[in-house]
Amino acid sequence: MRMQLQAFVPLGLGLGLLVAPALSGCPYASQIQQQSLSSIPPHATPSLSPSSSPTSTPPSTTKKDLFLMNRIAPSTSELYISHADGSNERPLLPSTQAIYEYHASFSPDGQWITCTAERTGDGNSDIYRVRPDGSDLQTLLSTPSMEDSVVLSPDGKYAAYVSTANGYWSHIWILEIETQRRWNVTDTPLARKDLDTAMMNGYFRPDWSPDGDWIVFSSDRNTEWAGHGDPTFQGLSGWEHTQELSIYAVRRDGSGFRKVVSKEGYSLGSPKWSPNGKRIIYYEMTREATWGAHRPESVDSTSSVIVSVDFATGTDRKVEVGGEGVKTFPQFLSNGTVGYHLKGTEREGIYTTDGVYLNRTVRSPAWSPDGKMVVYEKTGWNARPMKKELYSWSSEWEYRFTDVFPQLSNQNRLAITEKQLGNSSIISMNLDGSDEVMAYDNSKSTLVSSALVSKGLAGAFQPSWSPDSEWLVFGEGAWFQSRAETGGWLVRATANGSYFEVLTHSNSSIANTSIINSGFPSYSHDGTKIVFRVWGVNSTNGDPSQLGLRILDLNTGNITVLTDQWDNLPFFSPAETPERIVFTRKTGVYNYDICTIRADGTDLRVLTSSGANDAHAVWSHDGRIMYSTGMFGFQYECALYDQTFQPYGQIMIMDADGRNKRVLTDSIWEDSMPLLVPREAL
């Protein structure tokens, strides 16, 4: 039964916002105005010789459903090579062949550079090799699964790499290059012998021993799905997973699987061999630090050390490089010298322990066997343009990029929060991108701090259309870590941007008060009610008055309690389906699940139980549920990402009752915010 709360009459501020130009206040405005949907975006396929890239498939003439989704990943990535002292830097690949390459490594004989590349589409990573002079580019393996972190064996006959084939988990695979025979060496009866399948189970960044007998790698197997932040009544406050890694080894045939070294509560990553094959070098940081290492507001205050141990025993621990800063990608060079990368602060760049410092903003450096050359990538973070083509994992759907919280009206008009492409304002447009209208200009808001907006921590989030398509309701305020100290309001605006009104009460500061941060609203079928989530300063202490979902009656202004648990992100089902509300609930210390409930508070159903985070659920037009999942774990070492929240996120779809779950994406990046548009609407 729902609890009746005090009535709250909508304020009806009637501030009468003028209809602003669609790109007003957008920091990317000049960039966007110069582009069109027909311009060449990143990942476009250049002219290549038939031997250097997969054969492209002609576009289908059959109309497909449109699958819009968001991706947090660099917009561009290009490999460079230089002398170890930084001189003679040049792009590794000719401009006619470079598309989107990263995670390069020299072969043990120095004759090849292997790398990951997305040459078949934005998001689909495959593995390649090329000569250090940029010639003879060859495909090692190209499939719809994620392939990454490829390294060649000393004899050049085999490649070890990471793949999500056969189950979506990241495992270490071996490829026999001549025959193309491949096998998994971390999902064997031996490796599964002491595996807890309810815990994390990913394998990353392999490296061959100098004699070719062993492969070392990092793994988070048998570790909890833990978050980050401060303790609460139900686990840590931050729901995004952190990562605890240990170093493991296995032989090429899958035998000899064993743990080399671990440290409880720490992440030991990116192992590399010493030239004599006796020691392993790796970075070491606390598990909590793996969150700060990939967050722009935290990376400058996060640190790691470079450590080596004896391979045979996992003992004789030596700190090779200490001090402050996120130090990763360690590698033994000649004469005991160590090379590594430092991320963050004004000291970011490539270092060696004999005094070399290259003050460059690069990622993933790897040195040649003689230590004379270094290869790395340079990335760009300009936002992908709306409706940029992405790799499609479905033959029935065409995948395209969108900014966050896409929602479709009953008249087939698209609304988004312009977060990556602007200043977190509410934008609406036709599905072809025409007739853009700024329904709510966040730059003119007096409710939120522009400083928080610029950091991506505040703004106008999650627009929801009224059934008649005349109104958009959304949350305006501070979200994420700031939600317990800073206000959040429900606001609705006319779709043409001429007027808005504030529907709920909050305050710029809610610290040490009982004032609520309200957000993430959604309209009911008949348009008379809005469901939303609440949060307050005492939510993390378990105060039920500051937890859960509420329903606002637009006719009376009454607000009633729907739930009083750690719930978020509610959405009413499509009008043509039985009326239910889908939402995310924290169901345990480490776990979030997708639930549905009726609007009267009855018939609660928990639809997921992966043990990992399942969240950000939305309805498809045909009454199914799409959501982001962490159930397959990380695809790469957590600390090595940049500017992400949940780099492990993949998108799934299921029936409204939780059956028929199906994976929709399989990339190395953070994928979320899906919207499925039927072909009839295009």
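The values are calculated or read from the model by the stated rules, or taken from the named source; none is laboratory data. These figures come from a predicted structure and were not determined experimentally. Every residue, glycine as well, gets a Cβ built from its backbone with ideal geometry; the counts of neighbours run over all protein chains shown.
Among the residues of segment 188-195, is any under 27 Å from the mean Cα position of the chain (by Cα) and either over 17 Å from residue 245 (Cα atoms) or not in a loop (DSSP other than H, G, I, E, B) (or both)? For segment 188-195, residues under 27 Å from the mean Cα position of the chain (by Cα) and either over 17 Å from residue 245 (Cα atoms) or not in a loop (DSSP other than H, G, I, E, B) (or both): absent. For segment 623-665, the set of residues classified as farther than 29 Å from residue 302 by Cβ and outside any strand (DSSP E or B) consists of 623, 624, 655, 656, 657, 658, 659, 660, 661, 664, listed by residue number. Selection within segment 237-266: residues that are touching a strand residue (DSSP E or B) at 6+ places or on another chain (Cβ under 8 Å), outside any strand (DSSP E or B) and farther than 30 Å from residue 211 by Cα. The member of this set that is modelled with the lowest pLDDT is 239. Applying the condition of being acidic (Asp, Glu) and assigned to a loop (DSSP other than H, G, I, E, B) to segment 418-464 and asking which residue is farthest from residue 489 (Cα to Cα) yields 432. Being buried (at least 17 other Cβ atoms within 10 Å of the Cβ) and not aliphatic (A, V, I, L, M) is the filter here, so list the residues in segment 152-167 that pass it. Of everything in segment 152-167, those that are buried (at least 17 other Cβ atoms within 10 Å of the Cβ) and not aliphatic (A, V, I, L, M) turn out to be 153, 158, 161, 163, 164.
The strands (runs of 3 or more DSSP E) found wholly in segment 66-183 and carrying at least 2 residues that are more than 24 Å from the chain's Cα centre (by Cα) and under 30 Å from residue 397 (Cβ atoms) occupy 138-141. Inside segment 539-563, residues that are of a type outside the set (A, V, I, L, M) and within 18 Å of residue 582 (Cβ to Cβ) make up a count of 3. Among the residues of segment 409-426, those identified as hydroxyl-bearing (Ser, Thr, Tyr) and either closer than 19 Å to residue 449 by Cβ or in contact with a Gly (Cβ under 8 Å, 6 or more places away or on another chain) (or both) are 417, 424, 425.
Selection of segment 549-566 for residues being surrounded by 21 or more Cβ atoms within 10 Å (Cβ to Cβ) and not β-branched (Val, Ile, Thr) yields 549, 550, 552, 562, 566.
Evaluating residue 123 against the criteria (1) surrounded by fewer than 21 Cβ atoms within 10 Å (Cβ to Cβ); (2) in contact (Cβ under 8 Å) with a residue 40 or more places away in the chain leaves one unmet condition, (1).
Taking the listed residues 651, 625, the one that is among the β-branched types (Val, Ile, Thr) and touching a residue at least 60 places away in the same chain (Cβ under 8 Å) is 651, with no other qualifying.
Scanning segment 77-88 turns up at least one residue that is more than 27 Å from residue 402 (Cα to Cα) and free of Cβ contacts under 8 Å to residues at least 40 places away in the same chain.
Taking residue 439 as the residue in question, decide whether it is of a type in the set (A, V, I, L, M, F, W, C) and under 25 Å from the mean Cα position of the chain (by Cα). So residue 439 fails the test. Only one of 569, 554, 549 is under 28 Å from the mean Cα position of the chain (by Cα) and under 22 Å from residue 428 (Cβ atoms). Can you tell me which? Sole residue among the options that is under 28 Å from the mean Cα position of the chain (by Cα) and under 22 Å from residue 428 (Cβ atoms): 569. Checked against (1) charged (D, E, K, R); (2) farther than 28 Å from residue 366 by Cα; (3) crowded, with 16+ Cβ neighbours inside 10 Å, residue 230 meets all criteria but (3). For beta carbons closer than 7 Å, sequence separation of 6+ or different chains, a first residue in segment 460-476 that is assigned by TED's automatic domain parsing to the domain that holds residue 491 and closer than 11 Å to residue 416 by Cβ and a second that is in a strand (DSSP E or B) and of a type in the set (D, E, K, R), the qualifying pairs are 460/476; 472/492. Residues that are under 19 Å from the mean Cα position of the chain (by Cα) and assigned to a strand (DSSP E or B) within segment 220-236 comprise 228, 229, listed in sequence order. Restricting the search to strands (runs of 3 or more DSSP E) fully inside segment 305-411 and requiring at least 3 residues that are surrounded by 20 or more Cβ atoms within 10 Å (Cβ to Cβ) gives 305-310, 326-332, 338-343, 349-352, 363-367, 373-380, 397-401, 404-408. The lone criterion from (1) assigned to a strand (DSSP E or B); (2) surrounded by 22 or more Cβ atoms within 10 Å (Cβ to Cβ) left unmet by residue 291 is number (1). Of all residues in segment 575-593, those that are surrounded by fewer than 18 Cβ atoms within 10 Å (Cβ to Cβ) and more than 26 Å from the chain's Cα centre (by Cα) total 5.
All conditions in (1) in contact with a Lys or Arg (Cβ under 8 Å, 6 or more places away or on another chain); (2) surrounded by 18 or more Cβ atoms within 10 Å (Cβ to Cβ); (3) under 27 Å from residue 646 (Cα atoms) hold for residue 199, with the sole exception of (2).
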